[in-house]
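Structure first, commentary second.
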Amino acid sequence: MSTDFPHVLQVASGRLEYNDEAFRFMKQSKSFSKVPLINILWVELNDEDQVVVTTLAPTSGKLALHPVVAELRKSKAKTQKEKDKEAEEIRQEAQRWADKLLDAAYKGLKRNRKLRAFLNPIGGKGKGAHIYQHEVEPIFAAARCKVEFTSTAYQGHMVELAQKVDLDVDAIVVLSGDGGIHEVVNGLAKHEQAARALRIPVAQISTGSANAVCVNILGPKDAFDIGKCCLNAIKGRPMKLPIYSIKQGDKKYFSFLTQAGGLMADLDLGTEHLRWMGDTRFVLGYLRGVVSKKICPVEIEYRLVQSDKVQMAASAKTSICTTKITSYHGTRDDDEPEGTDGWTKFEKPVMYYYAGGLPYVSRDLMQFPVANPSDGCIDLVIQSRAPRAIMLKATVGAEKGEAYWIDSQHYFKVSGYRVKPTGKGNFTVDGEGYPFEPFELRVHAGQLRVLSLDGRLDISSFTPDDAILDATK
């Protein structure tokens with residue numbers, strides 16, 4: 001891309017570049033060389049005759065605020081009248097430059113976003129308030145965002161806040177783990193204008209344990225980079241994701257990420273006291289579950305769409321995450337009984353079941369490597385009874401989705417599923433505990449919005465063997 005002011009500024013390949021002619025009104029210019037446009041938060045000419053470009057620049061491997069400052073060139077005219085005239089010309093040229101750069105930095109985006117921010121102060125390691133005050137708030141201020149901030153006081157508070165959120169906000173920023181987004185989604189679904197409310201984009205700032213949305217949107221490397229999370233809230237573009245309605249008895253609620261029973265629910269609920277460990281607590285919980293080798297007492301039925309692992313892996317590497325909006329209430333009455341037609345029952349003993357629509361559930365676990373938010377399905381993994389050695393093998397390469405190929409890990413794309421407990425156990429939705437009772441789940445494609453800098457999910461580490469993918473050609 002190039003701007004329409006070539007003698008003042010050149011923009012190429014998403015970066016600011018320059019030559020001497022472009023900066024003739026400044027004393028120095030080299031510090032502006034090759035600044036990524038996406039990292040430029042603001043540009044201004046201040047009262048001290050300085051051009052200030054506020055950027056997010058890598059500092060110790062993380063993005064942090066970094067202002068680039070250049071003094072305006074002083075006039076060399078002999079008379080005061082000539083000096084004043086030249087000084088004004090320099091300021092006008094500098095202002096044009098600043099305006100053009102700001103336009104380029106926010107091309108196609110709205111500046112001064114209006115953000116509604118919710119903080120869970122006890123999420124993750126309990127450092128959310130400190131992170132907001134010392135990192136998040138200064139970055140939003142530098143980008144001239146308008147922020148309304150609330151620190152929650154009790155579980156379920158975000159549900160209440162989201163239920164009453166103003167529809168004119170540009171995004172909802174959630175400083176929490178995935179449980180916070182779970183509350184926000186269920187609050188938006190209860191909004192008096194739910195369909196419109198669910199179209200408000202959500203951005204996560206990673207102050208929880210797993211932070212799956214950040215991992216999927218920014219990638220495992222950048223998921224815990226607070227500066228990158230803030231940049232996504234400031235400049236991310238809306239991307240559509242499905243939500244899942246869960247009917248359990250006479251109650252109905254929504255999920256945006258995962259549902260789990262058996263070992264994968266036990267490892268979450270059973271390690272709540274280890275939140276100080278961050279996402280490492282999930283690994284410890286898994287190892288405990290492997291040792292106990294408990295069977296999950298459930299009957300599972302599902303509406304199968306696809307189960308060929310090779311075909312699904314091949315499709316995942318070429319899929320594009322776009323989806324067409326469907327009716328918020330689905331294609332038929334939610335109270336219409338399903339009956340038995342089209343349902344398949346899983347007949348083997350189950351150690352755990354795990355369902356989700358995004359590849360990563362934490363940065364150490366790509367549980368659903370072929371998940372695609374645009375396919376109208378949810379990916380259902382059922383781990384049948386297996387030796388401990390096989391279960392331990394699943395931890396090797398888990399961050400790359402390698403457990404996908406284990407034979408005892410049955411992987412299905414389904415349009416819905418239902419579970420009937422036959423004993424006692426744990427059930428989680430988006431990492432939150434729910435009653436271990438019968439339920440049925442349905443997919444609602446494209447109902448949720450999240451912010452994404454590039455509009456894609458990160459599955460770059462999932463690299464199936466070429467020979468396997470060649471079999472699909």
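The values are calculated or read from the model by the stated rules, or taken from the named source; none is laboratory data. Model, not experiment: these values are computed from the prediction. Cβ atoms come from the backbone with ideal geometry, glycine included; neighbour counts cover every protein chain shown.
Details
- Residues satisfying the stated conditions in the stretch 371-400, i.e. free of Cβ contacts under 8 Å to residues at least 12 places away in the same chain and either part of a helix (DSSP H, G or I) or at positive phi (or both): Ala389, Gly397
- Residue pairs whose Cβ atoms lie under 6 Å apart, sitting 6 or more positions apart in sequence or on different chains, and linking a residue in the stretch 336-353 that is over 19 Å from Pro387 (Cα atoms) and among the basic types (Lys, Arg) to a partner that is at pLDDT 95 or above and not in a loop (DSSP other than H, G, I, E, B), are Lys345/Glu301.
- Residues in the stretch 405-463 that are among the small types (Gly, Ala, Ser), more than 21 Å from Val213 (Cα to Cα) and not in a strand (DSSP E or B): Ser408, Gly423, Gly425.
- Hits in the stretch 99-141 - residues which are surrounded by fewer than 19 Cβ atoms within 10 Å (Cβ to Cβ), among the aliphatic types (A, V, I, L, M) and within 21 Å of the chain's Cα centre (by Cα): Leu109, Ile122, Ala129
- Restricted to the stretch 16-66, and to residues there that are basic (Lys, Arg) and modelled with pLDDT of 60 or more, the residue that is surrounded by the most Cβ atoms within 10 Å (Cβ to Cβ) is Lys62.
- In the stretch 354-370, of all residues being in a loop (DSSP other than H, G, I, E, B) and out of contact with any helix residue (DSSP H, G or I) (no Cβ under 8 Å at 6 or more places or on another chain), the one that is farthest from Met391 (Cα to Cα) corresponds to Gly357.
- Strands (runs of 3 or more DSSP E) wholly inside the stretch 112-209 that include at least 1 residues being in contact (Cβ under 8 Å) with a residue 40 or more places away in the chain: 114-119, 171-176, 202-206
- Exactly one residue among Lys221, Lys190, Lys228 is outside the structural domain of Tyr353 (by TED's automatic domain parsing), farther than 28 Å from Glu301 by Cβ and at pLDDT below 95, and that residue is Lys221.
- Check on Val184, surrounded by fewer than 22 Cβ atoms within 10 Å (Cβ to Cβ), modelled with pLDDT of 95 or more and at negative phi: no
- Options Lys393, Lys420, Lys400: the member that is at pLDDT 95 or above, more than 18 Å from Leu241 (Cα to Cα) and either within 20 Å of the chain's Cα centre (by Cα) or of a type in the set (Lys, Arg) (or both): Lys420
- The listed residue being under 26 Å from Gly376 (Cα atoms), out of contact with any Phe, Trp or Tyr (no Cβ under 8 Å at 6 or more places or on another chain) and of a type in the set (D, E, K, R), out of Lys221, Lys240: Lys240
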